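A.B. asks: Input: one structure, supplied below.
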């Protein structure tokens, strides 16, 4: 931690800060510069220290040195994590593909679609049974019935089920059916939910909050890891910016940056990341080229009549074409798919 | 709803869309322009229609006409809502002030501080018993014990208690002690929580999500109102932008804009909105001048040793001075304080 | 400058950095922490040092300590600057008001409007003769003829003329007519223009770029100050964020923050800052409450038929009402208007 | 243009708007909906109409239907533009690579580096002679001497010279040496400069402004095209968002989106787009996978001692490796490189 004093800080203020740093269990080291004094506080840089140092008199700003996350960090665990859930494996040589409708609509729909997706190379099946909707007047999902439909699709195809859980009290029920618990972007900082998923031990797909920084994203993962659940996949799904021609802005530099800072595998969601069906295939290819460990994509046989998210949903034929193209890109970056 | 067809849309595609609009229960009206055809879909503009219209062949974009919220709208209810909770009244002539520490630390602390705040003009007492923290390693609050401390402070001072509830299952317990249930920015789209607060009937202070649009903010309020709870206060607490000299960017135009679109009262939080103690008083004054119905402010007797958020916390003396200044601004805009 | 080494940096890399810092004319001071080594580089923190230090092997990041601007800083010049230009004075006790149409349309229009504005309390007259327009097909202004119309309005009313200059080669011509050279948001980093305005010695109203940080804003002012022109007014006019209900997001915390960091006066533009006429008066009041030294506002007798920016333009009657309201707020914060 | 009237708009207001639309030369078509009246204004949707319609009484909002750009639009010109400048060709089957230092430092430097880059597959040489710098205290480039050094490098290697021009009055001089005139992000809306580059007829590489929308970006291109210069390359170089782990956020969905809306070729700059050397190669690969027509990359033999932008600069060895990797990705998407 580096404490920068104001240019007109008095020596009493510097002395006070030195003492305050010692009381916090750190070792102060004063550096007298040409224009101001800086005090390094050496020791474990625990969360809350900035807040404890900044209000002191004469302080201009406090600069943290260390990343605030630990278990998610590649400094703590150098070997890369591979998350395994049923037939799905994310983080290894093979780029995994999780595909399916936004919402599970009927057993017939999901089983038929799952067969097609499986045959064209998907290894996971996504589908919402509990739907977080911006409006209370939107379709909210089939809930437990939807989970049973997903389980039927898995029985038919062996695809691993990836589905969202929206509340801590639903975790046990959703865990009965799902191979992977998805935590949605809106819930990335729903700490009760993160802890419940952590306690469940079921692998998690954690979506980045739409305005989360990378540190906040990894701290959210930390909540799950800290409960002893090592199976966390980080999913970039686009962030909110001033851009209005796409639903969100999909920043793929997240992929190599997360690979550098963390050992956890990285998934990319080009469907939510763009909000436009025709931008999904090129961004899927770009994600693979950037090093993504998996893709998660919305597919529906009839997007015009899908219960939700039709605008960003591709058809099975578009999915096949996308898979063929992505496979070639994967090989070009020494991955398989 | 306005459907804009592509410039090269075929007449078959236009016909298909006309039929699709009819099937959705709306009345199509075709407008042939010089460069493209536009189809107005007249009727109730329910949520999900954009998603149902956009994937159709030949469609360039779909423009909604109506606001997606209803009960929160000033079109539905013209008279302004005044929320009453204990001694706190928000939305009338008087600008209310909710003040207190970020976290409740001890009964002694909160009772002593409440007395001071009451005496200097606050009408509500804020204080976190359950703390949503970005890091799992931060202080998470005293939980129910903290609520009891707040209740003790109310018993002493009569100040209404405003405190955060973080999970649906906590709503009954928090409601036993609190006059107002605060829903934090991170939980603005935690729909289970919104519904639970709606069902409780306890007045709610709903914080704007840090990247929420105004439509999303009012739709979150709609979740609470839709459960029959009319007591919703909308709290602007700053949004995430590229600015880095303040913790968030506090957009005060939210105040008059919400007053135009909604009948709900508007609260401003200059503490989180700036993240810097010395910017709190000028932004509090600006909020009052912009028409805010209440302020919510972090105050602590010793910010340097506060359990959380010290950087943005003012002292009781700074609070007194701010109150005196705000009172004069309130009078200048024909309010009292 | 603080150089943070990676956790696995070798001692050779630390030694290399120590030497590199010395070669750059700074004094290195090594701080060995529990998890990584940090090297303070003591000395003048000139621009470009971060770029020179960051690429070295073993470096994780470089944290600057000092603000990059000098002449604009309140550390260099503690007394506040008052900019005087004709009858306009910005930075003193009195809150100045610069008002007028977006574009100068005719001499008759501008003279008649100037008389009204003067009578209702404006001290400066704004009006575009050269218009930067997003589209090449928009009205681009009357150019030098427009300047002559402005001069005629000044001759009639004594109002100081504030008008935009868009290119370095226009500076001499615009200076013949204008009391204040306005540099538009799109040109905030047009360095040739900044230098030409600096060389002219004519007072400048520098608008914040729509995605400029405060450091970038003050560095743009520095370009003007560095040429020996002390008369710089900083104008907050809204920034680009994800918000879409207003044209821009107007962050009023800029006002007290700039007052703390710089001695230059601060102007607020609620017209561009909101893009909506009915939000202009409340945000004008809020700006005054936040401590603004001046307002700049778009006024037109017939916004529906204005040559540009009608949506954000108020009428003379709305202006009168706004002035009366702002005057009361100014008094409440110990200013006059 | 669609004019949405307020829910309480009177029939007089609707009549007034119908007349106003007719006076503007458009044909009004009134659509009476269940909750409000909407008026379609059929005809050429010229710039400025929104501003002319929005201030009228009873109007809630105005929705434009058509894109504001014309010559840049793929609707006007369906076949894709290929820009040719010396040996550089951008927009065809081959993905072009423009590489070089941020600043030209010496003739020896640039000639030696150009030889290496040419040999490793670059077809264009970038290098700044005029440098737009955020601070007036930064190195501002060697100006015309720098241009001569670039010309010497071209004489040796045949690489096309891509270099920035910062002011309209420099266009003739820079055109003497450069094959492509680069317009920097800060100058994307410097209209005098755009027009001067348009008049020069020299191919242009137009960088996206750091907070420009796609419409604004294409309108800036329109300024150049409108002067009869068809040779415009659109360069995505990252936008400003709240993300702080990279210098900018690089939104690659821009590439397929621009390809859909415009016939102009698209270049990606992963150096500025990330600001971090080690993120450049993965984002270069991703850009190629997304369909970029060219890359522009900063390369320097000794980034630690580069005159500017060292942090985001790769070495010739890293460049070679990146080229080999990108070449494979290009083939996987049926391009060559």
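A.B. asks: When you go through D:193, D:159 one by one, which is the residue that is in contact with a helix residue (DSSP H, G or I) (Cβ under 9 Å, 6 or more places away or on another chain) and within 23 Å of residue D:211 (Cα to Cα)?
C.D. replies: None of the other options fit; the residue is D:193.
A.B. asks: Further, regarding this structure: Look at segment C:1-13 and say how many of its residues are modelled with pLDDT of 90 or more and within 19 Å of residue D:310 (Cα to Cα).
C.D. replies: Residues that pass the stated criteria total 6.
A.B. asks: Given the criterion modelled with pLDDT under 90 and more than 9 Å from every other protein chain (Cβ to nearest Cβ), identify the matching residue among A:99, A:114, A:122, A:67.
C.D. replies: None of the other options fit; the residue is A:67.
A.B. asks: Out of (1) without any contact (Cβ under 8 Å) to a residue 24 or more places away in the chain; (2) assigned by TED's automatic domain parsing to the domain that holds residue B:235, what's the single condition that is false for residue B:54?
C.D. replies: Only one criterion is unmet by residue B:54, namely (2).
A.B. asks: Considering only residues that are in contact (Cβ under 8 Å) with a residue 12 or more places away in the chain and part of a helix (DSSP H, G or I), look in segment C:116-126 and name the one that is nearest to residue C:159 (Cα to Cα).
C.D. replies: C:118
A.B. asks: Just checking, which of D:93, D:113 is in contact (Cβ under 8 Å) with a residue 12 or more places away in the chain, touching a strand residue (DSSP E or B) at 6+ places or on another chain (Cβ under 9 Å) and more than 30 Å from residue D:170 (Cβ to Cβ)?
C.D. replies: Checking each option against the conditions leaves just D:93.
A.B. asks: So residue B:63 clears everything in (1) touching a residue at least 24 places away in the same chain (Cβ under 8 Å); (2) over 29 Å from residue D:26 (Cβ atoms) except one condition, right? Which one?
C.D. replies: (2)
A.B. asks: When you look at residue A:212, is it more than 14 Å from chain B (Cβ to nearest Cβ) and modelled with pLDDT of 95 or more, yes or no?
C.D. replies: Considered against the rule, which asks whether it is more than 14 Å from chain B (Cβ to nearest Cβ) and modelled with pLDDT of 95 or more, residue A:212 comes out as no.
A.B. asks: Evaluate segment C:242-252: report whether one residue or more is within 11 Å of the chain's Cα centre (by Cα), in a strand (DSSP E or B) and either under 21 Å from residue C:84 (Cα atoms) or within 8 Å of chain B (Cβ to nearest Cβ) (or both).
C.D. replies: no
A.B. asks: Does residue B:97 qualify as being in contact with a helix residue (DSSP H, G or I) (Cβ under 9 Å, 6 or more places away or on another chain) and either assigned to a loop (DSSP other than H, G, I, E, B) or assigned by TED's automatic domain parsing to the domain that holds residue B:261 (or both)?
C.D. replies: Taking the combined requirement at face value, the residue satisfies it.
Matching residues to (1) at pLDDT 90 or above; (2) closer than 30 Å to residue B:1 by Cβ; (3) crowded, with 18+ Cβ neighbours inside 10 Å:
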| residue | (1), (2), (3) |
| --- | --- |
| B:52 | no, yes, yes |
| B:59 | yes, yes, yes |
| B:77 | yes, yes, no |
| B:91 | yes, no, yes |
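A.B. asks: Let me ask something else. For residue B:256, indicate whether it is part of a helix (DSSP H, G or I), closer than 29 Å to residue B:66 by Cβ, touching a helix residue (DSSP H, G or I) at 6+ places or on another chain (Cβ under 7 Å) and within 14 Å of chain C (Cβ to nearest Cβ).
C.D. replies: yes
A.B. asks: So which residues in segment B:137-153 are over 20 Å from residue A:51 (Cβ atoms) and surrounded by 21 or more Cβ atoms within 10 Å (Cβ to Cβ), if there are any at all?
C.D. replies: Once the filter is applied, which keeps residues that are over 20 Å from residue A:51 (Cβ atoms) and surrounded by 21 or more Cβ atoms within 10 Å (Cβ to Cβ), segment B:137-153 yields B:147, B:149, B:150, B:153.
A.B. asks: I'd like to know if segment B:39-47 contains one or more residues that are touching a residue at least 24 places away in the same chain (Cβ under 8 Å), over 27 Å from residue A:137 (Cβ atoms) and buried (at least 18 other Cβ atoms within 10 Å of the Cβ).
C.D. replies: No, there is no match, as no residue in segment B:39-47 is touching a residue at least 24 places away in the same chain (Cβ under 8 Å), over 27 Å from residue A:137 (Cβ atoms) and buried (at least 18 other Cβ atoms within 10 Å of the Cβ).
A.B. asks: Can you find, within segment C:137-182, the residue that is nearest to residue D:169 (Cα to Cα) among those that are touching a residue at least 40 places away in the same chain (Cβ under 8 Å) and within 14 Å of chain D (Cβ to nearest Cβ)?
C.D. replies: Selected residue: C:170.
A.B. asks: Condition check: touching a strand residue (DSSP E or B) at 6+ places or on another chain (Cβ under 8 Å) and either farther than 25 Å from residue D:45 by Cβ or modelled with pLDDT of 95 or more (or both). Does residue B:29 satisfy that?
C.D. replies: no
A.B. asks: So which of D:204, D:221 is within 13 Å of chain C (Cβ to nearest Cβ) and either crowded, with 24+ Cβ neighbours inside 10 Å or in contact with a helix residue (DSSP H, G or I) (Cβ under 9 Å, 6 or more places away or on another chain) (or both)?
C.D. replies: D:221
A.B. asks: Moving on. Checking residue B:134 against (1) within 25 Å of residue B:312 (Cβ to Cβ); (2) surrounded by fewer than 24 Cβ atoms within 10 Å (Cβ to Cβ); (3) more than 14 Å from chain A (Cβ to nearest Cβ): exactly one of these is not met. Which one?
C.D. replies: Result: residue B:134 fails condition (3) only.
The values are calculated or read from the model by the stated rules, or taken from the named source; none is laboratory data. What you are looking at is a predicted structure, and each value in this text was computed from that prediction instead of being measured. As a convention, Cβ positions derive from the backbone with ideal geometry for all residues, glycine included, and neighbour counts pool all protein chains shown.
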